[in-house]
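Step one of this worksheet: look at the structure below.
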Amino acid sequence: MRKSPISPRWKQARWPNSSFESGYANPKLDVRCAVFNDAGQILLVREAADGLWSLPGGWADVGLSPAENAAKEAREESGYTVEIVRLLAAWDTAKHPHPPSVFHIWKLVFLGEIVRAGDVIGAETDAVAFFDLDRLPSLSLGRIMPAQIRRLDELRRGSKVDFD
């Protein structure tokens, strides 16, 4: 059997107290939380890294479920404690007009409802606000697209899950 021409940096991972593991590169999991207020505005956070706005979220942490990760990211980045209601979307960013990335990224977006407000505890964001869907600020397009935010608004009003 012929071996796949995968670069060694993508092919091997080093685990503590083990030898190198060989295998195919796997996608990274980006987990986001869509929170809407009673006026239908969406909660966005400004990313300190690029000064652009996004849904609260980030790479999934080991040891937490995707929904737990979404709630954790919302709390850390926005200060809001949320209850995760349901999954809204499972998207492959390569199938959407996101800017190119060195990673293959799958994005899970959960609907969150605010339980209580608090203080931002992370350093990854520097502002938090709710926005009208027709007056969105400059978005961090590698994280979320305007059309995706509009689609999330449609999905929250029904019972469907969007997926690629």
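The values are calculated or read from the model by the stated rules, or taken from the named source; none is laboratory data. Here the structure is a predicted model, which means the values were calculated and not measured. So basically every Cβ, Gly included, is an ideal-geometry build from the backbone, and we count neighbours across all protein chains shown.
Only residues that are touching an Asp or Glu at 6+ places or on another chain (Cβ under 8 Å) and surrounded by fewer than 17 Cβ atoms within 10 Å (Cβ to Cβ) were counted across the range 127-146, and they come to 1.
If you filter the range 77-97 down to residues that are crowded, with 18+ Cβ neighbours inside 10 Å and under 13 Å from the mean Cα position of the chain (by Cα), you find that the one that is farthest from G142 (Cα to Cα) is L88.
Scanning the range 74-110 for residues that are under 16 Å from S54 (Cβ atoms), basic (K, R) and not in a strand (DSSP E or B) turns up just one, R75. Here I149 fulfils each of the conditions (1) in contact (Cβ under 8 Å) with a residue 12 or more places away in the chain; (2) assigned to a loop (DSSP other than H, G, I, E, B) apart from (2). Taking R150, is it buried (at least 16 other Cβ atoms within 10 Å of the Cβ) and either within 13 Å of A34 (Cβ to Cβ) or in contact with a Leu (Cβ under 9 Å, 6 or more places away or on another chain) (or both)? Judged against the criteria, R150 is not a match. Taking the listed residues S54, S101, the one that is buried (at least 20 other Cβ atoms within 10 Å of the Cβ) and either among the hydrophobic types (A, V, I, L, M, F, W, C) or in contact with a Ser or Thr (Cβ under 9 Å, 6 or more places away or on another chain) (or both) is S54, with no other qualifying. Selection of the range 111-125 for residues being in a strand (DSSP E or B), more than 17 Å from the chain's Cα centre (by Cα) and either of a type in the set (D, E, K, R) or exposed (fewer than 15 other Cβ atoms within 10 Å of the Cβ) (or both) yields V115, R116. When the range 41-66 is limited to residues that are in a loop (DSSP other than H, G, I, E, B) and among the polar types (S, T, N, Q), the one that is farthest from P137 (Cα to Cα) turns out to be S65.
Give the residues of the range 41-61 that are among the hydrophobic types (A, V, I, L, M, F, W, C) and modelled with pLDDT of 95 or more, sorted by residue number.
I42, L43, L44, V45, L52, W53, L55, W59, A60
On the stretch given as the range 79-97, residues that are over 23 Å from A129 (Cβ atoms) and in contact (Cβ under 8 Å) with a residue 12 or more places away in the chain total 9.
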